Amino acid sequence: MKSGRKIFIAGTGKSGISAAKMVLSMGGEVILYNSDPETDEYEAMANFGPRDAVEFVKGRLYKSQIMGVNLAIMSPGIPLNADFISVLDQEQIPVIGELELAYQASKGKLCAITGTNGKTTTTALVGAILRTYFEDVHVAGNIGEPFSAEALKTRDDSVTVVEVSSFMLETIMDFHPQVSAILNITPDHLDRHGTMQNYIRCKEAITLNQTAEDHVVLNYNDPVLREFGEKKELAPKVVWFTSGEKPEKGEYLYLEDDGIFYNDQKTVTELVDIHELKLLGKHNYENVMAAAAVGLKMGVPITGVVKALKEFTAVEHRIEYVRERSGVRYYNDSKGTNPDAAIQALRAMPGPVLLIGGGYDKHAEFDEWVKEFEGKVKYLILLGQTRDKIAECCKKYGFTDIMYADDMDEAVKACASYADEGDYVLLSPACASWDMFTDYEQRGNIFKDCVNKL
């Protein structure tokens, strides 16, 4: 980026602020924008120094406010049909995302993880695998720090793993990981993408700029991804992972009995016994296989991969153990923001469950989640915007052990009152958090605070 360029950055959340700081550090000027006229300007500007070349704009956007702008950067949470986009289009200002901005400034080797569920666990595990072999490893994206916060720290010998969402992949241009992974595709974010076809297209775009020298790791058990991986026009080489049927050809990792194995077309190697892992549930064994495949294709020796797999513990907010009280174990799965993720968390619980669910309505259907309740869920405690919708779905399938709570403290106390020794209390909402909380992390932290105060 040339010094003195004026960059328009939409969004004042973590990604937008990070992108602004990156632009400033490269000698650019920033117009920081939020379409909400009620945005707290002082809170946003507190992230910058008095001499930083940052102008703050909020509310309706006018052409006069973007004179001299060379490029627009979109935060992932902003839809591409937002009203102000038309103003940028009229002025013929190029639009890219925060992910693309960071990629263009980064150095070294790159791998990227996407999928509806399991991204955070897999990305964190890939980071742990990479650290067993490479000296300078960066882990970024949805998992914590935006890629733009890490990009300028990378060197020619750096290795970076990025967790990327469908929102982030909407605005890529040259983004090119040497190894990519798509873990699974189930309905999610249809309020944003409109159709499953659009959502699938965004996920598969992770391979857009990959070549025959690169690799993509795909779930053989996912019908959408199996079809995608078998397309002749797909450029990167495919490495499959499977917890069921095995591919007839190609490289793949597979789960058989209690072992995870790697077939490289020449030999079969057992990587790990699942009882040596510190993760629960078949979905996590799939995450382990995907992470191992990415690590191997990034050049990590099998010994390093195995070491990381055995030492890795669950990430925060994803089937995270909180405490045991009176023989009842409490788990925080606030990252379970859609029904499929919540199904996997419920299946991972080895005993009767008191389940806390509900939240922001992403227009998901809850039938498949509710079908899992029979013989497993003792009580369902519902919060938030979707509680009536979920309750109606439950009644359709004959599940009536439902309680409402107005806040997390009330929900946790209700669980503690009704739980018996040997039960499991699980926060796995099957919904986003934005109706009552700033994000899933705040929701999970409040849950843990309430549990620890019992």
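Annotations for the structure displayed:
- Residue check for I93: of a type outside the set (G, A, S) and either within 28 Å of V315 (Cα to Cα) or not in a loop (DSSP other than H, G, I, E, B) (or both): no
- In the set (1) within 30 Å of S180 (Cα to Cα); (2) crowded, with 18+ Cβ neighbours inside 10 Å; (3) at pLDDT below 95, F84 fails one condition alone, (1).
- The residue pairs whose first member lies in segment 74-86 and is touching a residue at least 60 places away in the same chain (Cβ under 8 Å) and small (G, A, S), whose second member is part of a loop (DSSP other than H, G, I, E, B) and surrounded by 19 or more Cβ atoms within 10 Å (Cβ to Cβ), and whose beta carbons are closer than 6 Å, counting only pairs six or more residues apart or on different chains, are S75/G11.
- Among the residues listed as E163, E145, E98, the single one being surrounded by fewer than 19 Cβ atoms within 10 Å (Cβ to Cβ) and of a type in the set (D, E, K, R): E145
- Complete set of residues in segment 107-137 that are in a strand (DSSP E or B) and buried (at least 24 other Cβ atoms within 10 Å of the Cβ): C111, A112, I113, T114
- When segment 368-395 is filtered for residues that are in contact (Cβ under 8 Å) with a residue 40 or more places away in the chain and farther than 20 Å from W434 by Cβ, only K378 remains.
- Subset of segment 80-90 [closer than 14 Å to Y33 by Cα and assigned to a helix (DSSP H, G or I)]: I85, V87, L88
- Condition check for L354: closer than 28 Å to Y285 by Cβ and modelled with pLDDT of 95 or more: yes
- Options G49, G77; residue that is in a loop (DSSP other than H, G, I, E, B) and over 15 Å from G11 (Cβ atoms): G49
- Any pair with Cβ under 9 angstrom, 6 or more apart, that starts in segment 35-64 at a residue that is assigned by TED's automatic domain parsing to the domain that holds D89 and touching a residue at least 40 places away in the same chain (Cβ under 8 Å) and ends at one that is among the β-branched types (V, I, T) and surrounded by 14 or more Cβ atoms within 10 Å (Cβ to Cβ): S35/I78
- Among the helices (runs of 4 or more DSSP H) confined to segment 352-454, the ones with at least 3 residues that are of a type in the set (A, V, I, L, M) are located at 408-418.
- Residue within segment 353-367 that is free of Cβ contacts under 8 Å to residues at least 60 places away in the same chain, of a type in the set (V, I, T) and in the same structural domain as R325 (by TED's automatic domain parsing) present: no
The values are calculated or read from the model by the stated rules, or taken from the named source; none is laboratory data. Since the model is a prediction, treat every value here as computed from it, not as a measurement. Using ideal geometry, Cβ is built from the backbone for each residue, glycine included, and neighbour counts are taken over all protein chains shown.
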